[in-house]
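Read through the structure below, which is laid out as structure tokens, and then see the notes.
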Amino acid sequence: MAALESSSNNDIDTAKTVEENTSEEKVSNGKKEFKVHVPKISSKDLRPLRAHSPVQELEQYGCLFIGPGAKRDANEKLLKIRSSDLEDLVKKARKYAMDQSVRSALAKEQQQKQRQQMDFLKRQQALLLMCRIYIGSIFYEVNEEQVKNAFGAFGPIRAITMSWDAATSKHKGFAFIEFETPEAAQLAYEQMNGALLGGRNIKVGRPSNMPQAQPIIDQMTEDSKHHHRIYVASIHPELSEQDVQSVFEAFGAIRYCNLVRDIQTGKHKGYGFIEFESLQAALDAISSMNLFDLGGNLLRVGKAITPPDIVSSQANPTPAQLSASAAVTAGLAAQMQDLVTNRQR
């Protein structure tokens, strides 16, 4: 109550002071003039009339911006832009927009190239894994040459990796074989698992990291179904493409017969691909001609599991593909070594 009475008394005193300063009459030329004296009050002297309704005066500072809501008037000279300056600004803006457009186009092109390179590398890695098989339970007296002779009928072997024990100077009973084509590895996997080698049944399987590339492998397998192609290996070196085609055309019309050749010697490598007009003709050729003796060699015939464009890149690999192959081989050997070590423990 005391605070309210004090505030009311202050309001009354202020009103009286204003009334005394503003009510003054003067007579000039027979006329009465009423002059109001308004005291000069700075923003710092302003006080709220009531304690519960404070009033604050905000001072403006900083840069001046042209636009609505400004309390200070902008200088009209600042609003005037010469036409020559405007043309320069437009030229600069146009140059900036062009530079940004070029940079954006180059960035998109670079990203597209990187995606294509990544897709190519993933595909090559998947193909390398498809060309590999694992052989286990190898008798300790069986050497690398015997393994190569046993599996060489399915196609040219690019590399054989056997793990050796330094203490006994004997291998540890397993090996990796890399063929030139995925079809050779697939045939060896299907026909050699459980076969006798050196008096012992061997085990043939796929590398343990095959599931990582399975989506790409499934895609290539799906693409290969659009072509009725078969894979034929262990072809006698004296036979020509015409000779092989004349034998297999009994099962149906053939689109082409291609024996893969060595770029250095010009001779075929003992394997090739045949594409038939119909799927049934291809299936009949596989079931009838697999293990058929042609010129003293037992033919190995199976389905082609890769598209036609894969053949040339696998038969004649680039240095980059060979480097990737060596890296994959080292990784597989390290995984198998860890597995053997864990079993021994």
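The values are calculated or read from the model by the stated rules, or taken from the named source; none is laboratory data. Keep in mind the model is a prediction, meaning the values are calculated, not measured. Note: ideal-geometry Cβ built from the backbone for every residue, glycine included; neighbour counts use all protein chains shown. These area figures cover heavy atoms from the full protein model, side chains too; ligands, DNA and RNA do not enter into them. Shrake-Rupley method; radii C 1.70, N 1.55, O 1.52, S 1.80 Å.
Data overview
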{"read-out": "Single unsatisfied condition, residue 183 versus (1) part of a helix (DSSP H, G or I); (2) open to solvent by 60 Å² or more (accessible area, probe 1.4 Å); (3) of a type in the set (Asp, Glu)", "value": "(2)"}
{"read-out": "Residue check, residue 146 open to solvent by 30 Å² or more (accessible area, probe 1.4 Å), part of a helix (DSSP H, G or I), within 20 Å of residue 206 (Cα to Cα) and touching a residue at least 12 places away in the same chain (Cβ under 8 Å)", "value": "no"}
{"read-out": "In region 210-234, residue modelled with the highest pLDDT [restricted to those that are open to solvent by 30 Å² or more (accessible area, probe 1.4 Å), in a loop (DSSP other than H, G, I, E, B) and of a type outside the set (D, E, K, R)]", "value": "228"}
{"read-out": "Check on residue 173, closer than 26 Å to residue 272 by Cβ and either in contact (Cβ under 8 Å) with a residue 12 or more places away in the chain or crowded, with 16+ Cβ neighbours inside 10 Å (or both)", "value": "no"}
{"read-out": "Qualifying residue in region 189-200 (condition: among the hydroxyl-bearing types (Ser, Thr, Tyr) and assigned to a helix (DSSP H, G or I))", "value": "yes"}
{"read-out": "Members of region 270-300 that are without any contact (Cβ under 8 Å) to a residue 40 or more places away in the chain and in a loop (DSSP other than H, G, I, E, B)", "value": "290, 291, 292"}
{"read-out": "Criterion: within 23 Å of residue 150 (Cβ to Cβ), touching a Leu at 6+ places or on another chain (Cβ under 6 Å) and not in a helix (DSSP H, G or I) - qualifying residue of 237, 207", "value": "207"}
{"read-out": "Qualifying residues in region 228-246 (those that are out of contact with any strand residue (DSSP E or B) (no Cβ under 7 Å at 6 or more places or on another chain) and in contact (Cβ under 8 Å) with a residue 40 or more places away in the chain) - the one nearest to residue 307 (Cα to Cα)", "value": "239"}
{"read-out": "Criterion: in contact with a Leu (Cβ under 6 Å, 6 or more places away or on another chain) and aliphatic (A, V, I, L, M) - qualifying residue of 213, 195, 185, 126", "value": "213"}
{"read-out": "Criterion (of a type in the set (A, V, I, L, M, F, W, C) and under 39 Å from the mean Cα position of the chain (by Cα)) met by exactly one of 279, 239", "value": "279"}
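Quick grid of which residues meet (1) aromatic (Phe, Trp, Tyr); (2) within 30 Å of residue 224 (Cα to Cα); (3) open to solvent by less than 40 Å² (accessible area, probe 1.4 Å):
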| position | (1), (2), (3) |
| --- | --- |
| 108 | no, no, no |
| 111 | no, yes, no |
| 116 | no, yes, no |
| 123 | no, yes, no |
| 128 | no, yes, yes |
| 133 | no, yes, yes |
